[in-house]
Amino acid sequence: MKIQCIVTGAYQENAYLVFDGAGKAAVVDPGEDAPRILAALRDAGAELAAVLLTHGHLDHIAALPALLAAAPAPVHVAAPDAAWCFSERNSLEPYEPVLTPPATLVADFSDGAEIRVGALAFRVLATPGHSPGSVCLLLDGPPGTPATLFSGDTLFSGSIGRTDFEGGNDAEMASSLRRLASLPPGTRVLPGHGPATILARELDVNPYLVAMVR
């Protein structure tokens, strides 16, 4: 397994390519820069097998039309965000809105679901708060290595996602953070913006997580 991060667009969103080592790849949150994502897939000799959306905000989905035109693949998202993210309600300058749901859209990110992509198995953790359908994706590493959490805009290094957008909810965010705080401390955290971190560090220094475990 190999993970590559491509920082995309005006909001410096992290798009992650996850390669299974056997020619298949998933893209988590293709925010923009579809040509760079496609080039990385070509360079790795990998087929795009799935697109996984931690939530529906435009800075995380803007590359979908161009990406899927070149490499059709299932697009997985939680139903609460699928209900609005492909509409005029999802507007964020300077991104072009994505107004047509992908033909391959699958709104199957329910809590506890397992999404298999080649040899990879992503476990869905429902973590609403930043948006109604925000999820985190937990990917086990090889035996003896920590798991990786794709935390979207729920948890950042030293901070958390905003809750003042439409559909955000402070109480739901607090519940989601408590859930993440219960994961093994060695869990690697790959957020939707900013640098990677480790859960143990966030439990020590992230004031929002510290408040959840007191």
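The values are calculated or read from the model by the stated rules, or taken from the named source; none is laboratory data. Remember, it's a predicted structure, so these values are computed and weren't measured experimentally. Because the Cβ atoms are built from the backbone with ideal geometry, glycine has one as well, and the counts that use them run over all protein chains shown.
Structure notes:
- Of the residues making up the stretch 78-91, those that are buried (at least 16 other Cβ atoms within 10 Å of the Cβ) and either among the aliphatic types (A, V, I, L, M) or touching a Lys or Arg at 6+ places or on another chain (Cβ under 8 Å) (or both) are Ala78, Ala82, Ala83.
- Of Val18, Val7, all but one fail to be modelled with pLDDT of 95 or more, in a strand (DSSP E or B), closer than 20 Å to Pro94 by Cα and among the β-branched types (Val, Ile, Thr); the exception is Val7.
- Residue match in the stretch 70-93 (condition: touching a helix residue (DSSP H, G or I) at 6+ places or on another chain (Cβ under 9 Å) and polar (S, T, N, Q)): yes
- Any hit, the stretch 93-105, residues being more than 21 Å from Pro72 (Cα to Cα), surrounded by 14 or more Cβ atoms within 10 Å (Cβ to Cβ) and touching a Leu at 6+ places or on another chain (Cβ under 7 Å): yes
- Test: Gln12 is at pLDDT 95 or above and farther than 24 Å from Ala119 by Cα: yes
- Cross-chain or 6+ apart pairs with Cβ under 8 Å, the stretch 12-23 first and over 25 Å from Gly56 (Cβ atoms), then at pLDDT 95 or above and of a type in the set (Asp, Glu): Gly23/Glu47
- Test: residue in the stretch 165-177 that is among the aromatic types (Phe, Trp, Tyr), over 24 Å from Arg116 (Cβ atoms) and more than 17 Å from the chain's Cα centre (by Cα): yes
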